[in-house]
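The values are calculated or read from the model by the stated rules, or taken from the named source; none is laboratory data. Computed from a predicted model, the values in this text were never measured in an experiment. In this analysis, Cβ positions are derived from the backbone assuming ideal geometry, glycine residues included, and neighbour counts consider all displayed protein chains.
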Amino acid sequence: MGTPDDPASALAPPVEHRHARDDEVADSRRRFWIPVGQHPMAIIAGYLGLLSFMPLVGVVLGPTAVAVAIMAHRRIHRDPGLGGKYRIVFACVAGALGTILSVIEFIPIVIVLYILVMTYYVA
């Protein structure tokens, strides 16, 4: 198959020489998007932090994301071979912001409901 006269060698794609550095870059990109080698609690905390931006649900999911992130941080601290530190930081920040935003969204809803109820009972 390696001779130039062989018709199969003309159809074969050229061999690319890849370096170890290219594999490391591809692996780091893949690990950024796919949670490989990370503690499952860090993954769960990240998704809870992301979902904490949903209106009204963030009041519950935000503190839960922070709590799960703290538990995951303790477990990762015991086993440094596991990854997920950035997801833990994201979960804490997103959970706190999601909670604050949900509370801010919740206040006008309570005020409007209070006004509606009071106008109904007064009238």
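Some notes on this structure:
- Verdict on VAL66 being farther than 22 Å from PRO35 by Cβ, outside any loop (DSSP other than H, G, I, E, B) and among the β-branched types (Val, Ile, Thr): no
- Filtered by the rule that a residue be buried (at least 20 other Cβ atoms within 10 Å of the Cβ) and either modelled with pLDDT of 90 or more or assigned to a helix (DSSP H, G or I) (or both), the stretch 24-43 gives MET41, ALA42.
- Conditions (1) at pLDDT 70 or above; (2) surrounded by 10 or more Cβ atoms within 10 Å (Cβ to Cβ): number failed by ALA12: (1)
- Test: residue in the stretch 70-82 that is modelled with pLDDT of 90 or more, closer than 13 Å to PRO40 by Cα and of a type in the set (Gly, Ala, Ser): yes
- Sub-6 Å Cβ pairs linking a first residue in the stretch 39-67 that is over 15 Å from GLU105 (Cα atoms) to a second residue that is not in a helix (DSSP H, G or I), at least 6 apart or interchain, are HIS39/LEU82; HIS39/GLY84; ALA42/GLY84; ILE43/PRO35; ALA65/SER52, ordered by first then second residue.
- Filter result for HIS73 (surrounded by fewer than 16 Cβ atoms within 10 Å (Cβ to Cβ), more than 11 Å from the chain's Cα centre (by Cα) and in a helix (DSSP H, G or I)): no
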